[in-house]
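Asker: Could you have a look at this structure, given as structure tokens, before my questions?
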Amino acid sequence: MKSKVIIVMPAYNASKTLKQTIDAIPKDSYSEILLVDDNSKDDTVQKAKELGLKVVKHDKNLGYGGNQKTCYRTALEMGADIVVMLHPDYQYDPRLVPFLAGLIENDICDVMMANRIRTRKEALKGGMPFYKYFFNRCLTITENVVLGLNLGEYHTGYRAFSKKVLETINFEKNSDDFVFDQHIIVQIAIAGFRIGEIPVGAKYFDEASSINFKRSVEYGLGILLVLLKYVLFKLKIKKFEIFNIKNKEI
């Protein structure tokens, strides 16, 4: 039986790019699309409803991580077998949805991520600021060494998860900010799930969401703190609730 694929879109002021993103998704690659609006100041919610999407609107801004929590929780309630997170700002190529979902549906991987750093030239040509590229590479190398993985990029926002992954890891305990993305990777690594990657072009433009230099530095420091907690956890020096598998303590 074909898997139920739900695309989740964590949205904030995405009105200008939403339709372009939706139109580019292969029509036979998903069952439903869920947009979670994080109290946008534009007409994102109205546009999403006009496009026939299921919409959940936050009464106050919960942050990028808080938005993802609602995305995954609601998708599971909707009966998703596979959840694909696609940003509605058209920064990531929507045509990859069937490939991300397909590798999970065929039981090759449990988690899929779209890697924007195939080459330095390609990433920079796509508009990625050099400082973002530099910190991306440094942090990715560090995370690979600490976690014992070999991923090409940890900081992509284009990801897909099996139902089992989201039902197993304790994502509700993660940060409500951008470092949520790293919390969930560490949880997946601890639980031993299989992570795969496919390439996607980097696209930076005015309407695409991106954090500034100050927030990037805060994000980087947050990642290093997550890795420190992971090391303390693995060495059994200190326990952290976010690293516990649901209904089972590692």
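Laboratory data are not the source of any read-out in this text; all were calculated from the coordinates shown. These numbers come from a predicted model, not from an experiment. Neighbour counts are summed over all protein chains in view; Cβ atoms, including those assigned to glycine, are modelled from backbone coordinates with ideal geometry.
Asker: Could you list, in their original order, any pairs among Lys69/Lys214; Lys60/Lys238; Lys214/Lys246; Lys19/Lys60 whose Cα atoms are separated by more than 26 Å?
Answerer: In this structure, Lys60/Lys238; Lys214/Lys246 exceed 26 Å between Cα atoms.
Asker: A follow-up question, please. Using θ = phi - 60° and the Karplus relation 6.51 cos²θ - 1.76 cosθ + 1.60, list the HN-Hα couplings for the range 38-49 in order, rounded to whole Hz, with x at every Gly or Pro.
Answerer: 8, 6, 4, 9, 9, 9, 4, 4, 4, 4, 5, 5
Asker: Taking the Cα centre of the range 5-243 as the origin, how large is its charge dipole in debye, to the nearest 20, when only Lys and Arg (+1) and Asp and Glu (-1) carry charge on their Cβ atoms?
Answerer: 720 debye
Asker: Turning to a different aspect of this structure: What helices does the chain have that are whole DSSP H segments, at least 18 Å long along their own axis by Cα, and with mean Kyte-Doolittle hydropathy of -0.5 or more?
Answerer: Answer set is 130-147, 213-234.
Asker: In percent, what relative contact order does the chain have, based on Cα pairs under 8 Å that are 6 or more apart in sequence?
Answerer: Relative contact order, the chain: 22 percent.
Asker: Ok, one more. GNM, the chain, Cα, under 10 Å: largest mean-square fluctuation among Lys19, Lys236, Lys49?
Answerer: Maximum fluctuation in the GNM of the chain, among the listed residues, is at Lys236.
Asker: Let me ask you something else. Report the Cα-based extents of the range 157-208 along its three principal axes, largest first, to the nearest Å.
Answerer: If we take the Cα atoms of the range 157-208, the spans are 36, 26, 16 Å.
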